[in-house]
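Below is one structure, written out as C-alpha cells; the observations come after it.
The values are calculated or read from the model by the stated rules, or taken from the named source; none is laboratory data. Please read these numbers as outputs of a predicted model, since none were measured by experiment. Positions of Cβ are backbone-derived with ideal geometry, glycine not excepted, and every protein chain shown enters the neighbour counts.
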Amino acid sequence: MTRDELLAMPVAAYMNEAQLAYFRERLLEMRDEILADMEGARDGLRDNERTPDELDRAAMEESRLLSMRVQEREGRLLRKIDAALHRIETGDYGYCEVSGEPIGLPRLLARPTATLCIEVKERQEKTEHVYSR
C-alpha cells in the first residue's frame with residue numbers, strides 16, 4: 001500500500017487493518033534502520049585509535065561525543081517506536097492519548113510515533129513556550 005492509497009481511503013476506514021499494517025511495517029523499518037545505525041556507531045566507538053597529535057585526539061573526542069549524542073537521540077526514538085508498535089497491538093494507535101480523537105493520517109505519515117493530535121500538540125507547545133520565557 002502506498003501513501004496515496006492510504007490517504008484516498010474514506011474517513012470511516014480510519015485505522016483499519018490495511019492502515020495498521022502499513023504503519024506497523026513503516027515502524028519496523030524505522031526500528032531496523034536505527035538498530036543498524038546504533039550498531040555501526042558502537043563499532044566506531046570501539047575503534048579507539050591512539051594518536052600522539054593533540055589536535056587529532058581533540059577531533060576524535062569531538063566526533064565521539066557527537067556520535068554518543070546521536071545514539072542517545074536514536075535510543076529515545078527507538079523507545080517511541082516500540083511504544084507505537086505496542087499501541088498498534090493494543091488498538092490505541094492513531095488516537096490522541098489526551099483527547100482520544102484521531103491523530104490523522106497526514107500527521108502519522110509525517111511522524112509515525114505521534115501520540116497527540118495536532119490540536120493538543122499545539123496547545124502543549126504554546127504552554128511550553130509561555131513557561132520557557
Just to be sure I understand the filter: pairs with C-beta atoms under 8 Å, separated by 6 or more residues or on different chains, first member in segment 121-133 and without any contact (Cβ under 8 Å) to a residue 12 or more places away in the chain, second member of a type outside the set (S, T, N, Q). Which pairs pass? K121/A114; Q124/L116
How do the pairs read when you match residues in segment 11-34 that are over 13 Å from L85 (Cβ atoms) with residues anywhere that are small (G, A, S) and not in a helix (DSSP H, G or I), using Cβ under 9 Å and keeping only pairs 6 or more apart or on different chains? Y14/G94; Y14/G104; M15/G91; M15/G94; Q19/G94
Can you tell me how many residues in segment 82-117 are outside any loop (DSSP other than H, G, I, E, B), touching a helix residue (DSSP H, G or I) at 6+ places or on another chain (Cβ under 6 Å) and farther than 15 Å from R26 by Cβ? 0
Please enumerate the residues belonging to segment 4-53 that are at pLDDT below 90 and either in contact with a strand residue (DSSP E or B) (Cβ under 8 Å, 6 or more places away or on another chain) or outside any helix (DSSP H, G or I) (or both). D47, N48, E49, R50, T51, P52, D53
Checking the structure you have, find out if any residue of segment 54-70 is under 30 Å from R123 (Cβ atoms), touching a residue at least 24 places away in the same chain (Cβ under 8 Å) and part of a helix (DSSP H, G or I). no
With respect to M1, is the statement that it is surrounded by 12 or more Cβ atoms within 10 Å (Cβ to Cβ) and either more than 20 Å from A114 (Cβ to Cβ) or modelled with pLDDT under 95 (or both) true? no
